[in-house]
2 protein chains.
Amino acid sequence: MDELPKCEANYTQLTPLSFLKRAASSYPNRTSVIHEATRFTWPQTYHRCRRLASSLRSLNVSTNDVVSVLAPNIPALYEMHFAVPMSGAVLNTINTRLDANSIATILRHAEPKVFFVDYELVPRAREVLRLLVDPTLISSLPLVVVIDDINSPTGIRLGELEYEQLIRLGDPDYAPPEVRDEWAPIALNYTSGTTSAPKGVVYSHRGAYLSTLSLILAWEMPSQPVYLWTLPMFHCNGWTFTWGVAARGGTNVCLRNVSAQQIFRNIALHGVTHMCCAPIVFNIILEEAKVIKNLSPVNIFTGGAPPPPALLEKIESLGFHVTHGYGLTEATGPALACEWQREWDALGNSQKAEMKSRQGISVLTMADVDVVAKDTMRSVSRDGKTMGEIVLRGSGIMKGYFKDPESTSRAFENGWFWTGDVGVIHPDGYLEIKDRSKDVIISGGENISSVEVESVLYRHPMVAEAAVVAMPHPRWGESPCAFVALKKVPEGGDSGGVSEEEMIGYCRRNLASFMVPKKVEFMEELPKTSTGKIQKFELRVKAKGLVVSEKKEIVKSSKSNKKKNKPVMKRDGDRSGGYGEHILAQSRL
Amino acid sequence: MDELPKCEANYTQLTPLSFLKRAASSYPNRTSVIHEATRFTWPQTYHRCRRLASSLRSLNVSTNDVVSVLAPNIPALYEMHFAVPMSGAVLNTINTRLDANSIATILRHAEPKVFFVDYELVPRAREVLRLLVDPTLISSLPLVVVIDDINSPTGIRLGELEYEQLIRLGDPDYAPPEVRDEWAPIALNYTSGTTSAPKGVVYSHRGAYLSTLSLILAWEMPSQPVYLWTLPMFHCNGWTFTWGVAARGGTNVCLRNVSAQQIFRNIALHGVTHMCCAPIVFNIILEEAKVIKNLSPVNIFTGGAPPPPALLEKIESLGFHVTHGYGLTEATGPALACEWQREWDALGNSQKAEMKSRQGISVLTMADVDVVAKDTMRSVSRDGKTMGEIVLRGSGIMKGYFKDPESTSRAFENGWFWTGDVGVIHPDGYLEIKDRSKDVIISGGENISSVEVESVLYRHPMVAEAAVVAMPHPRWGESPCAFVALKKVPEGGDSGGVSEEEMIGYCRRNLASFMVPKKVEFMEELPKTSTGKIQKFELRVKAKGLVVSEKKEIVKSSKSNKKKNKPVMKRDGDRSGGYGEHILAQSRL
């Protein structure tokens, strides 16, 4: 029975490219892409992608070459998710928030043959190219193609080539070569590591295909969704929904700039049913705070940072229905999703939000997820308390890091992918993240989850942003230090000014005392990476400076804590600080 | 980039066994299986399957051995879908409607090591064993294990072993070996071919896994379904929903006997949300004809025969929501599904039913579906009229036929799987089946779809069953002959007796005249296979007999048709009868 052979009829390579071909054939009348005045159907999108792929071949792009692109969520970026692999090449989408220097670093590493640039980003690209020019080499630069505004072309160029021109010149009858090996690379995504140089995460066709199915299933995204592109496509290829919307025969509503006004306008105009975003976008939406009227609730898939329950409650009250996931670039987007359990229907709103703010259970094609104590390599007990590192295994995990065998093998130690995130498993099987391993604060041998402290701070009515990091401590090794940005108060309103003392008192009322920050530092705004993540690295440097000047006060408060904490400190858990050793520059979604 | 190696962390073999492990971990409190007084949770089901797998190993079952089972939809049959492959063996579920002779033929071919038999089927199994005994061999018989009634054990045995005993004796800590190759066999299903000996269709772990995901997606089955087992699990492993319910953390409601009363009782008792069945079960449901009250609509996935639109309308009016699919044993269940298009919402009820009665578009992991003219190997035009053979390609297609390389290579000619079914493609990309290739009636060079004629007959208020086959004709080669069973009229009611003449007149008013049956034969009930399919083979034999005795009448009516048909006969289409040459004993769902 084992000998029955594989053949063309029964063994087809798994690739997201099949989704586009199927959409063109099965949904011939459906709208594929909308961007302001521009509209395409699925057969048109398929046709355009084939032309572009053929043009790329004419430009000497061949199998496994890299094609980079720097663009916001416009139709061209969507089409390139199919057209580039249809030419045999590997798509490298670049974070548009990066500065020229970081982009140059990526291009130096990725060595793309072609570099597509949105017309608005031409000035930055020009700077990048300047940085790339190597006087010792004759041709170290990629071929540049500008993507002009599809709705009202500007004529801005950087070199000769323009996107629509490549589509026009492409062969309409180009037949993309069949994918011969599903393990072949399809995409290259650089992590936005906060502590080290970005790493190039490589996805296979197989991994992309299976992750796409996983996420449609986890989100229960039905046929014919109307998907609003609030999440940048350069984040894990839009958490795979670039391919997923084609799989579902849906409509992509492109969005050049994410603003509350644009979000609400597009929802109303196109009957948006689905969108993805980091919790930070909730704040943007809440600023406008319109209730979505006369429409079914819009489904939001969120991740990238644990959404504070209070924020979840607020956003759902506007008519959004939120599903929360957890993942990393290395896992092709979300690897866990907080699947709703029917018995939670009976809970109160804030309890529901608590449930929803957990990271959840593995998506379907992730073969295994566990939380392990790294020293013993054993699973932690499912008590919702014992912390360990979250490890993953499955077809959605990256092929590895491009040109970095050392980091690759370190990430794949012992048959698992090590996320670098620390979490617990609740008795109901749901995982909850407590921290990045490097963000765990180890105070007097006790592990403190900075996320837990932050989530209490976020519940304070005046707190807009909060981050807690370790502050060196002469006696306890480390102690928690909070950085807080207060909400902006409307002019003429009560400033509601909160003092450090008040904030510490508030924490004392809401946290085990050993977890109470010994220091609260107020800032106008917390420092963030280009992807909107708070830069704890920078805050840690700041916290290091604080210890000297506040030594006395800290010693005093630690002493008083010592007594109170005694019984609490009997908790189980890794006290060795072992987690701290394993720091990967992986990026959460 | 191509060189990044596969490892345990990023390349896990695709197997439905992962669904059970995940369900046990992620849904620890959910009910997995209900059968009357019996109830298990997912961890319990996982635990029981591991014990059974371990017992099978103790009974010397090893990799790629066959384990056969003859049982209705009881918990044991469900568990064996995981336990048997967990022991490394291949599951062979046998149609319980087969007679002893047919079962013996299957067992002689499959050579199972162990043969599980439900206690109610022990008499038949005893007969099977008698047929199998070969006096020239010492041990030609499989080890028999009786599955006693789990709710109230009867003590009936056939040999020494009983199912629950194997579970009790199994090692609770048995760790199933990892699936080392996703192409390894998981199941062996014999087709119920109507014209030739049954063939053993082999599925791989990969094919089963991908088909399972496909069908959850096609049906949009959400998390936590309550699934009623109206469809026999021995049909393509319950169209993959044996594995699919585990993937979704749902509840399996087992059903020993399918009756309207049992269906309605279980729907009300357990809040059933999903069930599968052939359209014939609609008739059973309609006999009881209760409207499902106080519940969300029950979702039905149907296939196996094209459901007449009128029947669809009736069943939906009771509170069922029907999705229609098309497939074959060789395609691991449904390969097409009639995905609902939002624009159809605006249609009237009967138009909606017309749309729904089409077979639809390919499920997501089926790489390709086409309708081709076999003589030219070209796709037919998408006009909803030109007929061709339906061909499939994709990961859901079987590995091949067990011990039958010749049939296997014939089925896989030219890189496609040939379904033997004849269909058209509508301009909207939706396929519609017109016939089994061998059921096409070729009259005067004109292809007549027997399904089309049947569907008109079914719309007649007095028709309960109808089948149309070719009747040899001296002048036209073939002409259509209808066999009809009329509805049973309640005692004392108007008999509504319909004459042959009236029925032909009715057809004349509703069909192109060349398609009108030249002969209508009334029967009490039409002959059916063990799986409830009408045996056209038998009817064809009957029709052959009719031609002589009715020769005169036929020649006359053909003459009159000749004139009328002239313009119609200019239609395009394959007139060579080429379809008739390619007869595979494949079984539709």
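The values are calculated or read from the model by the stated rules, or taken from the named source; none is laboratory data. A quick note: this is a predicted structure, and the numbers were derived from the prediction, not measured. Note that each Cβ is placed from the backbone with ideal geometry, even for glycine, and that neighbours are counted across all protein chains shown. Calculation scope for accessible area: heavy atoms of the full protein, side chains included, ligands and nucleic acids excluded. Shrake-Rupley method; radii C 1.70, N 1.55, O 1.52, S 1.80 Å.
Checked against the criterion of being within 11 Å of chain B (Cβ to nearest Cβ) and in a helix (DSSP H, G or I), region A:311-330 has at least one qualifying residue.
Would you mind finding the one in B:V371, B:V391, B:V363 that is out of contact with any helix residue (DSSP H, G or I) (no Cβ under 9 Å at 6 or more places or on another chain), of a type in the set (A, V, I, L, M), within 13 Å of another protein chain (Cβ to nearest Cβ) and open to solvent by less than 10 Å² (accessible area, probe 1.4 Å)? Of the residues listed, the single one that is out of contact with any helix residue (DSSP H, G or I) (no Cβ under 9 Å at 6 or more places or on another chain), of a type in the set (A, V, I, L, M), within 13 Å of another protein chain (Cβ to nearest Cβ) and open to solvent by less than 10 Å² (accessible area, probe 1.4 Å) is B:V371. So, A:S357, is that one within 19 Å of the chain's Cα centre (by Cα), hydroxyl-bearing (S, T, Y) and more than 13 Å from chain B (Cβ to nearest Cβ) or not? Yes; evaluated as a whole, the condition is true for this residue.
Would you say B:I156 is touching a residue at least 12 places away in the same chain (Cβ under 8 Å), of a type in the set (A, V, I, L, M) and in contact with a Pro (Cβ under 6 Å, 6 or more places away or on another chain)? It is false that B:I156 is touching a residue at least 12 places away in the same chain (Cβ under 8 Å), of a type in the set (A, V, I, L, M) and in contact with a Pro (Cβ under 6 Å, 6 or more places away or on another chain). Residue check, B:S296 against (1) open to solvent by less than 40 Å² (accessible area, probe 1.4 Å); (2) within 14 Å of chain A (Cβ to nearest Cβ); (3) in a loop (DSSP other than H, G, I, E, B), all met but one. Which one? Going through (1) open to solvent by less than 40 Å² (accessible area, probe 1.4 Å); (2) within 14 Å of chain A (Cβ to nearest Cβ); (3) in a loop (DSSP other than H, G, I, E, B) one by one, B:S296 breaks only (1). No other residue among B:T386, B:T332, B:T323 is of a type in the set (V, I, T), under 19 Å from the mean Cα position of the chain (by Cα) and surrounded by fewer than 24 Cβ atoms within 10 Å (Cβ to Cβ) apart from B:T323. For region B:432-475, residues that are over 24 Å from the mean Cα position of the chain (by Cα) and small (G, A, S) total 4. On the given criteria, is B:W229 touching a residue at least 60 places away in the same chain (Cβ under 8 Å), under 30 Å from A:L14 (Cα atoms) and of a type in the set (A, V, I, L, M, F, W, C)? Answer is no for this residue.
Scanning region A:446-486 for residues that are modelled with pLDDT of 85 or more and of a type in the set (K, R) yields a single hit, A:R459.
With the requirement that a residue be assigned to a helix (DSSP H, G or I) and open to solvent by 10 Å² or more (accessible area, probe 1.4 Å), what does region B:267-292 give you? B:A268, B:L269, B:H270, B:I280, B:V281, B:N283, B:I284, B:L286, B:E287, B:E288 - these are the residues of region B:267-292 that are assigned to a helix (DSSP H, G or I) and open to solvent by 10 Å² or more (accessible area, probe 1.4 Å). If only residues of region B:23-79 that are hydrophobic (A, V, I, L, M, F, W, C) and either in a loop (DSSP other than H, G, I, E, B) or at positive phi (or both) are counted, the one that is surrounded by the fewest Cβ atoms within 10 Å (Cβ to Cβ) is B:A37.
Specify the residue that is nearest to the other protein chains (Cβ to nearest Cβ); the eligible residues are those in region B:1-21 that are touching a residue at least 60 places away in the same chain (Cβ under 8 Å) and under 18 Å from A:E339 (Cα atoms). Step by step, filter region B:1-21, then rank; the result is B:S18.
Of all residues in region A:504-528, those that are of a type in the set (A, V, I, L, M, F, W, C) have Cβ atoms under 7 Å from Cβ atoms of residues that are part of a loop (DSSP other than H, G, I, E, B), 6 or more apart or on another chain, in A:I504/A:V516; A:I504/A:P517; A:C507/A:V516; A:C507/A:P517. Output the residues belonging to region B:331-354 that are more than 11 Å from chain A (Cβ to nearest Cβ) and of a type in the set (G, A, S). Listed by number, the residues that qualify are B:G333, B:A335, B:A346, B:G348, B:S350, B:A353. On inspection, A:T38 fails the criterion of being under 25 Å from A:V114 (Cβ atoms), out of contact with any Pro (no Cβ under 7 Å at 6 or more places or on another chain) and either within 14 Å of chain B (Cβ to nearest Cβ) or touching a residue at least 12 places away in the same chain (Cβ under 8 Å) (or both). Elements of the type helices (runs of 4 or more DSSP H) sitting completely within region A:126-242 and holding at least 2 residues that are within 14 Å of chain B (Cβ to nearest Cβ) and in contact with a helix residue (DSSP H, G or I) (Cβ under 8 Å, 6 or more places away or on another chain): these cover A:205-219.
Every test in (1) of a type outside the set (A, V, I, L, M); (2) within 13 Å of chain A (Cβ to nearest Cβ); (3) surrounded by 18 or more Cβ atoms within 10 Å (Cβ to Cβ) is passed by B:N414 save one, and that test is (3).
Number of residues in region B:506-526 that are open to solvent by less than 20 Å² (accessible area, probe 1.4 Å) and modelled with pLDDT of 90 or more: the value is 7.
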